[in-house]
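Okay, so here's the structure we're looking at.
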Amino acid sequence: MRAGLSALLSHWLRHPVQLAMLMLGLALATALWSGVQAINAEARASYDSAAAVLGQNRMERIVSQDGGPVAQDLYVALRRDGWKVSPVVEGRLPATDLRLLGIDPLTLPAGATSVPLRGGADLADFLSGGGRLYLNPETAAGLRPDGLPALRTDPGLPPGTGLTDVGVAQRLLGMEGRLSYLLVSPGAQPDRPLPQGLVRRAPDDGTDIARLTDSFHLNLTAFGFLAFAVGLFIVNSAIGLAFEQRRAMLRTLRALGLSARTLMGLVLLELLVLALAAGMTGIGLGYLVAAALLPDVAATLRGLYGAEVTGTLSLRPGWWLAGLGMAMAGTLLAAGQSLWRLWHLPLLAPAQPRAWARASARSLWRQGVAGAALLGLAAGLLAFGTGLGAGFGGLAALLIGAALCLPPVLILVTGLGGRMARGALVQWFWADTRQQVPGLSLALMALLLALAANIGVGTMVSSFRQTFVGWLDQRLASELYVTARSAQEARRLEAWLAPRTDAVLPILSAGTPLFGRPGEVYGITDHPTYRDNWPLLAALPDVWGRIAAGQGLMVNEQLYRAEALALGDAVDLPGGPLPVVGVYSDYGNPRPQVLMAPEALMARFPDTPRLRFGLRVDPDRAGALAAALVADFGLPDGAVVDQATLKALSLQVFERTFAVTAALNVLTLGIAGLAMVASLLTLSGLRLPQVAPVWAMGLTRRRLALLDFARTLLLAALTAMAALPLGLVLAWVLLAVVNVAAFGWRLPMQVFAGDLARLGGIALLAAGVAGLVPVLRLARIAPAALLRVFANER
Amino acid sequence: MLLTLTDVTKTYATGEGPLTVLDGIDLALQAGTSLALTGESGSGKSTLLHLAAGLDLADAGRVELAGVNLTTAGDPVRAGLRRGTVGMVFQQFNLIPSLDVAANLAFQARLAGRHDPAWTARLAQVLGLCTLMGRYPEQLSGGQQQRVAIGRTLAARPQLVLADEPTGNLDEATGDAVLDLMLRLVADTGAALLMVTHSPRLAARLDRRVTLSAGRIT
C-alpha cells in the first residue's frame, strides 16, 4: 500500500508544474466560490441583525389597519386599558441613509433586547436631556451630526441603524404625536377588542430586505459557481494529463499485484489529500477576495436595495467547512472521468496516450446533442416562463447548452476549413487544429463562458449606464437644490429666491405604505421643468393637467410592474384612492413611489415639511447664487447642491454599485486564461508524436511553433465569435427578464461595438499569453526530445 | 557521393556521465545503391540515421548530404534538405493522425513542392492502398500503416531514403512483402537507401551491409 502510494506521489515530484496547475485551479475555484459565499453570509447576517435590533422580529405588533402611523393617543389609551405595549417610531432620517428606530426603554417588552441599554447608567444616559443617538461605529463615522442628539457608538448595532428615544425619533422624523407601531409583550393581554383602525400582526418569519436581495445574492452565487466551474476545468485538465502519463505505471502496479480496488482507493486518497491542501489555500484566498469585494458589495446593496451591510468580514466555521467540502466534491467531480477510466483500465492493453483524445472526440458529439437539448429548454423557459426562477433557469440552460455545443461546432468549422484549404501545410494545420479540439474543449468552454459573461454583464452595465445618465439629465433638471433647516427658514428662502430665480420648485415628500410596503409620496409643482423633462414610460392624455388638478397620480416603474398596475387603476392612500395616470422610470430606487400635486400631498399628509426646493436659474449664475445662499443664510455644507455635483455623486454611486460585477468578471476571465494555460501545457506534452513527423519531413521548430501559436489564436478567435451572440442573448435575458423580476425596471438594451471589439482583443491576448509558454517550449525543444518519438534505441 | 560521414562522433549526457554512441564513423553512400546498417541494440544505428537526415548534429566530424555540410548548416537549411532530398520511414510509422491516408500519402510531396497525383496514385495502387484512402491511421493495421509510410516517403521522390527498422513492428510475411515493395520502388526512382535492421536475413537483400558495435563500424 505504502509503496503504491509513494509510486503514485512520485509522479507529482517529477511534474511540479502539473501539480502547481492542479493546486492553483482548485485553490482559485474554491477561493471565488467561498469568497462569494462569505459575502452572502455576511450580508444575510447583517439583514438578520438589522431586523432583530430589538428582537422585535420575534414579537407580535399592533399596527394601523391602513398601513399608516398609529396615533400616540391610541397608545396611551391602550396602556390605560391594561395593554402591555411599547411604542416604536421607525423611519429614514431625511437626507441620509440612516434608519432611525425610536423606542421607550421603560415599556420595552422583556423579550426585546436593547443593545445599548445594559445597565442603569446607560438607561439614564439614554433618557437624559436632548437624548442620545446610538450607532454602529462605522455608521457614526460617516454621519454629519448637524441637528442630531449626542452620538454614542455601540458595535452591537447593525450598520445604518440609529437607536434613540421615541420622543427624539418623533422630532427628527417629523412624526410628533404619531408612532409607527406598538410592540406587544408576550403573555396575557386584555380580552377586549382593539380600537377601530388597529390590528394585531404576527411576527415576520423573514425580513423584507432579505427577500428583496435574494436575487442579488443568487446572482453573486451564480457568478461564484461559474468561476468554480471554470476552475474545475483546470483541475480536470491536470488530473486527465496525470492519468494519461501514469497509465503505464498504473498498469504495472496492477500487474505487480495491487487490486483495482486498492489502486482506486490510493488514487482517491491522493486526490483528497491534494484537495484538502488546495481547498485550505483557496479558503484563505477566498477570505482575501471577500474582504476586498465586501465594501463594493455593501455599496451595491445600499445603492440598489437600501440595505445596510457591514463592511468588515467575520470568519464563520460553517463557511470554511462548506468551502473545504466544495473543494473535495469539486475534485472528485473533476476527476470522475479519470477515475472511471482507472476502474475500467484493462490490465494488458498497450499504452495509447492518443486514445484519450479519440475517445473524447466521440463523446463530444453526444455532448453536442445534450447541449442542443439544453438550448431548446432555455428557449422554452425564456419564452414561456415567468419570474426570476424561469429567468435564472433559462440562463443556466443557455450557458451550459452553449458551452456543450462549442466543441462539436469547432470540429465542424475546422473540418470545413480543412476541406477548403489548399496546400499540404494549410490542410495539415486545419486537420491538426481539429484534432486539438477534444483536448482543449474544456478550456475553450471555460473561455466561452467567461467571455459570454463579460459581454452579457458588460452590455447590461453599459446599457444601464447610458440609460441612467440620460435619465439623470432628465430627472435632475433644476440647476440647484436647496434644503432649509426649518419651516421658518424655508419661508424666508422662498421669498428671497423668488426674484433671483426663474422658478422655485418645492419638493415635498412623505413616507407611507404603498401596497403594504414602505413607500414614498412625492409632491411636485406643475411646471415646464417637469412637463418637458420627466421620463414617462406610459401616460394618459394630459397627464400633467390631471396631476395638477389632483385627479390622479403617477407611479414609478417598480411599483407599476410589481403590482401589475394598469393606467386608471386606483392606488390606496390615506385620504382615499387616486387613479394611476402615468408611469415614470425610477432607476436605482428600491422603494415604491408615487408622485402627485403638492396640494394633494399636503391634503393627505398635512404635517409634511416644506423644506426642499429645486431652483431654475441661468446655469452661468448658479454658482454665484449658491454662494450667496450660503453667505446670506449661513446654510451648512450640503444644504445647497448644484446639479453637476448631484449627477457626479449619483454616477459615483452607480459605478461603485457595479464595481463588484467588474471585479468578478475580471477574475472569471483570469481563471479561464489559466484554464487555457493548463490545457495547452497538457497538450504540448501529448502533441510531440503529432509534431515530430512534420518536423522530420522538413519543417523547422520555429515554423511549427508559429503554427501552434496561430492554432491557439484561431481557436480563441472562433470561441470569441461564438461568445458574441451568446453574450448578447445573456445581456438581453439579464435586462428583459432577470432585471424586471429582480428590481422591477426594464432597461433598453444597447450594444457597444467598441467594448465588444476590446473584449475580443482581450480574448486573443489572453489566448496568446496562455499559448506563449508551450509555443516557446516547442520552438526551443531539443531535437533529442523529438527524436525520442521515432527511436526506441540509439 | 550522395551521403558522406567522416570521422563522426556523437556523445549523449546520461546520469552516469557522457555516453559515446558513435565514435569516429566513416561511411559513404552513392545514389542508386542500398546499404543495410546492422548491430546490437544501443550500438548507435538510429543515431547514425538521424545524423544523416539532419535531425541531429554530430559533436565532431563531418556529415555531408547532397554536397551540403550538415554539421555546420543552420536549422532552415537542414529542414529544407529533409523536405526535398531525404525521405524517412520509421519503425513506428509516424503517420500524421489528423490526416487520412490520401492526405498522408501526398503530404511530404506537397511539402517538397513535387506532388505528382499520377505517381501518388500509382504508388497507392502498387502498395494496395486504393481502398483505404479515406481512412485515418488509427483505423489501419500495422502493415497497412507501414505501407502508407513508405508511400509517403517515395511519393516525394527523395534522393535518399532512410529507413529505421521499417519492418520491425511487422510479422515476417508482412515484413518481407513490405521490403520487397520498398526495394522495388527505390530502384524505380533511382534513390539511395540506408536501412537499419536487426535481421541478417533482410540485410542480405541490400547491396552492402555495415555492422555497428559500440559506436564503431566493424
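For chain A, what is the charge dipole size about the Cα centre, in debye to the nearest 20, if Lys and Arg each add +1 at the Cβ and Asp and Glu each add -1 at the Cβ?
Values: 64 positive and 51 negative charges, 905 e Å.
Here the size comes out at about 4340 debye.
Quantify how much of the Cα-Cα distance distribution of chain A extends past 53 Å, in percent.
Details: 88760 of 314821 pairs.
Roughly 28 percent, once rounded to a whole number.
Please work out how much length the chain gains when fully extended from A:A624 to A:V751, using 0.36 nm per residue of separation minus the C-alpha to C-alpha distance, in nm with one decimal.
On the way: separation 127, 0.36 × 127 = 45.72 nm, distance 4.09 nm.
So the extension gain works out to 41.6 nm.
Placing dummy labels 7 Å off each Cα toward the beta-carbon, the span from A:E599 to A:A631 is 3.9 nm. Global size of the range A:557-680: 23.0, 73 Å for Rg and Dmax (C-alpha atoms, Rg to one decimal, Dmax whole).
Once the Cα atoms of helix A:353-384 and of chain A are each reduced to a long axis, what angle between those two axes, in degrees from 0 to 90 to the nearest 10, is obtained? The angle comes out near 30 degrees. Annotation for B:A187 and A:M264: the two label points, set 7 Å from Cα along the Cα-Cβ direction, are 6.0 nm apart.
As a test of reading the structure, rank A:K647, B:K10 by solvent-accessible area (1.4 Å probe, protein chains only), most first. Could the numbers behind the result be given before it?
On the way: A:K647 40, B:K10 15 Å².
The ordering from most to least exposed comes out as A:K647, B:K10.
In angstrom, the C-alpha Rg and Dmax of chain B are 16.9, 53.
Using only Cα atoms, figure out Rg for the range A:410-464 and give it as a multiple of 2.2 N^0.38 Å. Let's see the in-between values first.
On the way: Rg = 16.0 Å, N = 55, 2.2 N^0.38 = 10.1 Å.
Here the Cα radius of gyration is 1.58 times the empirical estimate.
Compared with the dominant principal axis of the Cα atoms in chain A, helix A:643-657 is inclined by about 40°.
Counting only protein heavy atoms and using a 1.4 Å probe, what share of the accessible area of the protein assembly as shown belongs to carbon plus sulfur, as a whole percent? Show your work: numbers first, answer last.
Values: 24520 of 41370 Å².
Carbon and sulfur: 59 percent of the exposed surface of the protein assembly as shown.
Distance from the alpha carbon centroid of the range A:520-589 to that of the range B:1-79 works out to 92 angstrom. With K and R counted +1 and D and E -1, the other residues having a Cβ less than 13 Å from that of A:W745 yield a net charge of +1. For the range A:762-791, a decrease in accessible area of 10 Å² or greater in the assembled protein chains relative to the isolated chain, with a 1.4 Å probe, applies to A:P783, A:A784, A:L787, A:V789, A:F790, A:A791. Bridges between two residues of chain A, per DSSP, are antiparallel at a rate of about 75%. Using only the Cα atoms of the range A:373-510, each taken as one equal point scatterer with no solvent, compute I(q) by the Debye sum, divide by I(0), and report log10 of the ratio at q = 0.09 Å⁻¹. Once normalised to I(0) and log-transformed, intensities are -0.59. Principal-axis analysis of the Cα atoms of chain A puts helix A:260-305 at an angle of about 30° to the longest axis.
Averaged over all directions, how much area does the convex hull of the C-alpha atoms of the range A:661-741 cover when projected, in nm²?
Values: hull surface 28.2 nm².
Computed as one quarter of the Cα hull surface, the answer is 7.0 nm².
Using only Cα atoms, what is the ratio of the radius of gyration of the range A:504-557 to 2.2 N^0.38 Å? Rg over 2.2 N^0.38 Å, computed on Cα atoms: 1.20.
Between B:Q139 and B:V77, how high is the FRET efficiency from 1/(1 + (r/R0)^6) when r is the Cβ-Cβ distance and R₀ = 41 Å? Nearest 0.05.
Numbers: r = 37 Å, r/R0 = 0.90.
For R0 = 41 Å, the calculated efficiency reads 0.65.
Rounded to the nearest 100 Å², what's the accessible area chains B and A bury against each other, both chains counted, probe 1.4 Å? If you can, show how the numbers build up before the last one.
On the way: alone 9610 and 34700 Å², together 41370 Å².
Summed over both sides, the interface buries about 2900 Å².
With a 1.4 Å probe rolled over the protein heavy atoms of all chains, the accessible area of A:R246, A:R788, A:R80 falls in the order A:R80, A:R788, A:R246, largest first. Using every pair of distinct Cα positions in the range A:470-548, the Kirkwood expression returns a hydrodynamic radius of 14.9 angstrom.
Return the inverse of the average 1/r over all pairs of distinct C-alpha atoms in the range A:567-629, which is the Kirkwood hydrodynamic radius, in Å to one decimal. Kindly include the intermediate steps, with their values, before the conclusion.
Values: mean 1/r = 0.0663 Å⁻¹.
Over the range A:567-629, the inverse of the mean reciprocal pair distance is 15.1 Å.
All distinct Cα pairs of the range B:89-218 go into the 1/r average, and the inverse of that average, the Kirkwood radius, is 15.0 Å. A crude spin-label estimate for the pair A:A383 and A:V666, with each label 7 Å from Cα along the Cβ direction, gives 4.0 nm. Remark: accessible surface ordering of A:V17, A:V168, A:V729 (largest first) is A:V17, A:V729, A:V168, probe radius 1.4 Å. For B:S213, the accessible area of its heavy atoms, probed at 1.4 Å with every protein chain present, is near 50 square angstrom.
The values are calculated or read from the model by the stated rules, or taken from the named source; none is laboratory data. These figures come from a predicted structure and were not determined experimentally. Ideal geometry is used to build each Cβ from the backbone, glycine not excepted, and the neighbour counts take in all protein chains shown. When the accessible area is computed, the model is the full protein with side chains, heavy atoms only, and any ligands, DNA or RNA have been set aside. Shrake-Rupley method; radii C 1.70, N 1.55, O 1.52, S 1.80 Å.
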